[in-house]
Amino acid sequence: SAVISQKPSRDICQRGTSLTIQCQVDSQVTMMFWYRQQPGQSLTLIATANQGSEATYESGFVIDKFPISRPNLTFSTLTVSNMSPEDSSIYLCSVTSDYYEQYFGPGTRLTVT
Amino acid sequence: DAKTTQPPSMDCAEGRAANLPCNHSTISGNEYVYWYRQIHSQGPQYIIHGLKNNETNEMASLIITEDRKSSTLILPHATLRDTAVYYCTYTSGTYKYIFGTGTRLKVLA
């Protein structure tokens with residue numbers, strides 16, 4: 001298994017601003033994933049981030065709104081840009097193991113006012 | 001995209017077995033079924049996975065039907081700490097998971 005930490009754990013932001021969320025893993029991993037979980041909803045995959053290549057975004061998510069960096073095999077960031085109240089969610093990063101199971105970070109709870 | 005169907009909620013008495021069903025009729029022959037749970041908005045926790053055979057680990061057992069179109073997660077002796085939302089999922093040919101709405105399990109004292 002992998003141990004994943006996220007920063008910040010929560011934040012309250014004003015609309016129109018941006019927030020960068022950090023995800024740190026205790027071991028080297030090839031693939032990292034970013035999810036969004038809106039209040040009372042299930043998890044929705046935002047993008048897949050591989051080290052050394054551009055992130056692959058899911059339908060409905062664009063790079064201008066959710067730019068992702070993956071500078072090395074243990075770290076990634078997700079930026080939520082030009083925020084609106086609809087972006088209020090929990091943002092989670094995860095990594096895969098050799099057997100495809102995923103391990104999730106504790107999440108970043110974002111409130112946009 | 002991979003699609004799973006689960007009952008929205010279930011109750012279980014503490015100490016009894018909790019049996020959580022999942023339908024995954026579109027699963028392909030080489031795709032594993034995975035189960036996760038999420039306790040009160042924490043990050044989801046991996047529970048177990050399987051392909052064809054039944055599987056058991058320290059947390060749960062997984063029963064997969066012979067046609068692989070459905071599975072059941074069994075928590076043999078549910079405790080109050082097992083109260084959570086349980087998700088079954090599988091990969092649609094990639095590492096990506098599509099999470100359904102899950103089952104909200106409430107363990108009753």
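Quick check: anything in region A:33-45 at the interface with chain B (Cβ under 9 Å from one of its Cβ atoms), part of a loop (DSSP other than H, G, I, E, B), modelled with pLDDT under 95 and touching a Phe, Trp or Tyr at 6+ places or on another chain (Cβ under 6 Å)?
Yes, region A:33-45 has at least one match.
Being more than 12 Å from chain B (Cβ to nearest Cβ), farther than 15 Å from B:Y95 by Cβ and buried (at least 18 other Cβ atoms within 10 Å of the Cβ) narrows it down to one of A:D87, A:D64, A:D26, so name that one.
On inspection, the qualifying residue turns out to be A:D87.
Name every residue in region B:67-109 that is in contact (Cβ under 8 Å) with a residue 24 or more places away in the chain, part of a loop (DSSP other than H, G, I, E, B) and away from chain A (no Cβ under 14 Å), in order of residue number.
B:R68, B:K69, B:P76, B:H77, B:A78, B:T79, B:T83, B:A109
Please specify each residue of region B:1-21 satisfying the condition of being at pLDDT 95 or above and outside any loop (DSSP other than H, G, I, E, B).
Those that are at pLDDT 95 or above and outside any loop (DSSP other than H, G, I, E, B): B:S9, B:M10, B:D11, B:C12, B:A13, B:A18, B:N19, B:L20, B:P21.
Only residues that are more than 15 Å from the chain's Cα centre (by Cα) and surrounded by 13 or more Cβ atoms within 10 Å (Cβ to Cβ): list them for region B:13-30, please. Let's see the steps before the verdict.
Initially, region B:13-30 is screened for residues more than 15 Å from the chain's Cα centre (by Cα), giving B:13-16, B:26, B:28-30.
Answer for region B:13-30, where residues must be more than 15 Å from the chain's Cα centre (by Cα) and surrounded by 13 or more Cβ atoms within 10 Å (Cβ to Cβ): B:E14, B:R16, B:T26.
Pull out all pairs, ordered by first then second residue, where Cβ-Cβ is under 8 Å, the residues are six or more apart or on different chains, the first lies in region B:17-31 and is within 12 Å of B:S70 (Cβ to Cβ), and the second is among the charged types (D, E, K, R) and surrounded by 11 or more Cβ atoms within 10 Å (Cβ to Cβ).
So the pair list comes out as B:N23/B:K69; B:H24/B:K3; B:H24/B:R68; B:H24/B:K69; B:S25/B:K69; B:T26/B:K3; B:I27/B:R68; B:I27/B:K69.
Going by the structure shown, is B:S61 at positive phi and free of Cβ contacts under 8 Å to residues at least 40 places away in the same chain?
On the way: at positive phi: no; free of Cβ contacts under 8 Å to residues at least 40 places away in the same chain: yes.
No.
The values are calculated or read from the model by the stated rules, or taken from the named source; none is laboratory data. Predicted, not measured: the structure shown is a model, and the values here were computed from it. Please note: Cβ atoms are built from the backbone with ideal geometry, for glycine as well, and neighbour counts cover all protein chains shown.
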